[in-house]
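Following this message is one structure expressed as structure tokens.
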Amino acid sequence: MPMSIRFADIIWPTERRYWLVNARVPACMLADGTALPTPVDAEGVVHADLLVSDGLLARIEMTRGEHDDGVASIDLGGRQIWPTLVDIHTHLDKGHTVARTPNVDGSFLNARLAAAADRPNWTAEDLRRRMDFGLRCAYAHGVSAIRTHIDTYPETAERSWAVVREMREQWRGVIDLQAVSLCPVDLLQDDFGDRVASIVAESGGLLGGVTRAAIANHGAPLHNIDALLDRLFALAARHGLDVDMHVDETHDPAAATLPFVARAATRHGYQGRVVCGHCCSLAMQPAGEVDRTLDLLAAAEIAVITLPTVNMYLQDRQASRTPRWRGVTVVHEMLRRGIRVAAAGDNCRDSFYAYGDHDVLDTFRQAVRILHLDHPLSGAPALVSTTPSSIGKFNRQGRLVVGAPARFIVFNARTLNEIVSRPQSDRVIIDRGERVTAPMPDYSELWDSETPSGSPA
């Protein structure tokens, strides 16, 4: 039996036209309409040969064979190729502030207070440096589309969104960058709501909000929640904006604003145009209430983003007590209802989550474990690829599309089990047919803007 080639020994092509042969691809990551062999394997993976030509994916052949066309071939030995991935819920403006304003106890309350305390440091230069650092991390890991929520408060709105527009242009064609405004919904009631909607519209963004009061944690719905949501949806409709909200990020079952959001979306004709992130408390509510809420979500065609690493970090945290709950929403029940669900990275090295590296593959691997997205694994890759691409309307991202730019991740792994079992730190990123050689940014780039925790100022 011939010995399989070692991953480290593969010579990656420099030609403009070449075949990647003997590859394996999750069927859920192929473009709609791609003819599949029957059956796919137990993990939902198919064998494929991919032709790259002038930076584009020119052809996908589902039957293995020799290609007598004089084009160079690279034998992957049955290893997996994925499209580059989509991170549909992030906070690039908060990222990499953990050293200068740490969360003193890991709680949601102190996460919020630390973020507010750090916000005066967010000069244009500071935002630019940290956001660019995060984008370079994501790109090196194989991410090609990101949606970031942007803290949008009276003292920061114009400055932060100016940097967003700058970053989007700087990264155009490398990472598709979307942005969503973020502030408690009660702040949008007066003139500031008009100001936010205008800034977002000018920036080509989405209108967002948090379904809690400005001075409170998530809890029972505000007495005027319907009026607050009507105001938000009226602003969105006036400016032609889609909506993406933070909802019920707590273990408290009394926090039940998700049904209010769903009814508001239907009331304003926003079916299919609303995304809700977190929705943690739904998992703590009685089964009947869960069913009624899922009915409303399905009717309103609301998509849900689960943030498994951050929710597990923040939720059910009490000093000197082992957590009893993983912090996540009812993902399996949503999927059975046909509700679109994606997984995303959320915060990175800030007061809401002290760790992370903008690596959606890491998010995927942890999501499989936290959410039990296995046995079988076949549908799990869609949560970080085709589903968030569809939710975010990212054209041709997160899927293998003939005629689209050849943007791949090649793993030293033949099965999904192998991908989940190791961190895949040796993965190879292909961008427009060429291997990405850009190094991971060095933490030292941020050190002069930080005071490490426990060090003298």
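The values are calculated or read from the model by the stated rules, or taken from the named source; none is laboratory data. It should be emphasised that the depicted structure is a prediction, and the values quoted were computed from it without experimental measurement. Positions of Cβ are generated from backbone atoms using ideal geometry, with glycine treated the same way; all protein chains shown enter the neighbour counts. Calculation scope for accessible area: heavy atoms of the full protein, side chains included, ligands and nucleic acids excluded. Shrake-Rupley method; radii C 1.70, N 1.55, O 1.52, S 1.80 Å.
So residue 270 clears everything in (1) open to solvent by less than 10 Å² (accessible area, probe 1.4 Å); (2) in a loop (DSSP other than H, G, I, E, B); (3) in contact with a strand residue (DSSP E or B) (Cβ under 6 Å, 6 or more places away or on another chain) except one condition, right? Which one?
(3)
If only one of 407, 435 is open to solvent by less than 70 Å² (accessible area, probe 1.4 Å) and at pLDDT 95 or above, which one is it? Outline the logic, then answer.
Working: 435 fails: open to solvent by less than 70 Å² (accessible area, probe 1.4 Å).
Criteria check complete, one pass: 407.
Test of understanding: among 70, 78, which residue is open to solvent by 40 Å² or more (accessible area, probe 1.4 Å), more than 27 Å from residue 341 (Cα to Cα) and assigned to a loop (DSSP other than H, G, I, E, B)?
Sole residue among the options that is open to solvent by 40 Å² or more (accessible area, probe 1.4 Å), more than 27 Å from residue 341 (Cα to Cα) and assigned to a loop (DSSP other than H, G, I, E, B): 70.
In this structure, is residue 86 modelled with pLDDT of 95 or more, assigned to a helix (DSSP H, G or I) and open to solvent by less than 40 Å² (accessible area, probe 1.4 Å)? Steps first, answer last, please.
On the way: modelled with pLDDT of 95 or more: yes; assigned to a helix (DSSP H, G or I): no; open to solvent by less than 40 Å² (accessible area, probe 1.4 Å): yes.
So residue 86 fails the test.
Another one. Among 99, 111, 23, 48, which is the only one that is outside any loop (DSSP other than H, G, I, E, B), open to solvent by less than 50 Å² (accessible area, probe 1.4 Å) and more than 17 Å from residue 413 (Cβ to Cβ)? If you could, list the steps in order and put the result at the bottom.
Details: 99 fails: outside any loop (DSSP other than H, G, I, E, B); 23 fails: more than 17 Å from residue 413 (Cβ to Cβ); 48 fails: more than 17 Å from residue 413 (Cβ to Cβ).
Selected residue: 111, the only one of 99, 111, 23, 48 that is outside any loop (DSSP other than H, G, I, E, B), open to solvent by less than 50 Å² (accessible area, probe 1.4 Å) and more than 17 Å from residue 413 (Cβ to Cβ).
State yes or no: is residue 54 closer than 30 Å to residue 412 by Cβ, at pLDDT 95 or above and open to solvent by 40 Å² or more (accessible area, probe 1.4 Å)?
Working: closer than 30 Å to residue 412 by Cβ: yes; at pLDDT 95 or above: yes; open to solvent by 40 Å² or more (accessible area, probe 1.4 Å): yes.
Considered against the rule, which asks whether it is closer than 30 Å to residue 412 by Cβ, at pLDDT 95 or above and open to solvent by 40 Å² or more (accessible area, probe 1.4 Å), residue 54 comes out as yes.
Another question, if that's okay. Using the structure shown, decide if residue 313 is aromatic (Phe, Trp, Tyr), modelled with pLDDT of 95 or more and open to solvent by less than 10 Å² (accessible area, probe 1.4 Å).
Working: aromatic (Phe, Trp, Tyr): yes; modelled with pLDDT of 95 or more: yes; open to solvent by less than 10 Å² (accessible area, probe 1.4 Å): no.
So residue 313 fails the test.
Might you check whether a residue that is in contact with a Gly (Cβ under 8 Å, 6 or more places away or on another chain), closer than 21 Å to residue 293 by Cα and in contact (Cβ under 8 Å) with a residue 24 or more places away in the chain occurs anywhere in segment 187-195?
Going residue by residue through segment 187-195, those that are in contact with a Gly (Cβ under 8 Å, 6 or more places away or on another chain) are 187-188.
This time we only want the ones that are closer than 21 Å to residue 293 by Cα, so: none.
No, that holds for no residue.
Something else: Restrict the check to segment 387-400 and report whether at least one residue is in a loop (DSSP other than H, G, I, E, B), over 21 Å from residue 24 (Cα atoms) and open to solvent by less than 50 Å² (accessible area, probe 1.4 Å). Spell out how you get there, then give the answer.
Within segment 387-400, the first condition is being in a loop (DSSP other than H, G, I, E, B), and the residues that meet it are 393-399.
Narrowing further to those that are over 21 Å from residue 24 (Cα atoms): 393-395.
Next, only the ones that are open to solvent by less than 50 Å² (accessible area, probe 1.4 Å) stay: 394.
The answer is yes, given that some residue of segment 387-400 is in a loop (DSSP other than H, G, I, E, B), over 21 Å from residue 24 (Cα atoms) and open to solvent by less than 50 Å² (accessible area, probe 1.4 Å).
Being open to solvent by 30 Å² or more (accessible area, probe 1.4 Å), at pLDDT 95 or above and within 22 Å of residue 442 (Cβ to Cβ): is that true of residue 136 here? If you could, list the steps in order and put the result at the bottom.
Values: open to solvent by 30 Å² or more (accessible area, probe 1.4 Å): yes; at pLDDT 95 or above: yes; within 22 Å of residue 442 (Cβ to Cβ): yes.
Yes.
Quick grid of which residues meet (1) crowded, with 20+ Cβ neighbours inside 10 Å; (2) within 15 Å of residue 187 (Cα to Cα); (3) not small (Gly, Ala, Ser):
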| position | (1), (2), (3) |
| --- | --- |
| 222 | no, yes, yes |
| 230 | no, yes, yes |
| 244 | yes, no, yes |
| 262 | yes, no, no |
| 274 | yes, no, yes |
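Let me ask something else about it. Kindly provide the set of residues from segment 408-437 that are in contact with a strand residue (DSSP E or B) (Cβ under 8 Å, 6 or more places away or on another chain) and of a type in the set (A, V, I, L, M), ordered by number.
409, 410, 413, 416, 419, 428, 429, 430, 436
Next up: Working only within segment 246-261, note down all residues that are touching a strand residue (DSSP E or B) at 6+ places or on another chain (Cβ under 8 Å) and either in a helix (DSSP H, G or I) or aromatic (Phe, Trp, Tyr) (or both).
Result: 258, 261.
Another question, then. Of all the residues that make up segment 185-220, how many are under 26 Å from residue 314 (Cα atoms), part of a loop (DSSP other than H, G, I, E, B) and open to solvent by less than 40 Å² (accessible area, probe 1.4 Å)?
Matching residues across segment 185-220 total 7.
Please work out which residue is farthest from residue 307 (Cα to Cα), limiting yourself to segment 131-178 and to residues that are assigned to a strand (DSSP E or B) and aliphatic (A, V, I, L, M). Please lay out each step first, then the result.
Just the residues of segment 131-178 that are assigned to a strand (DSSP E or B), to begin with: 143-151, 176-178.
Pick out the ones that are also aliphatic (A, V, I, L, M) and you get 143, 145-146, 150, 177.
On the way: 143: 17, 145: 17, 146: 14, 150: 17, 177: 19 Å.
The residue in question is 177.
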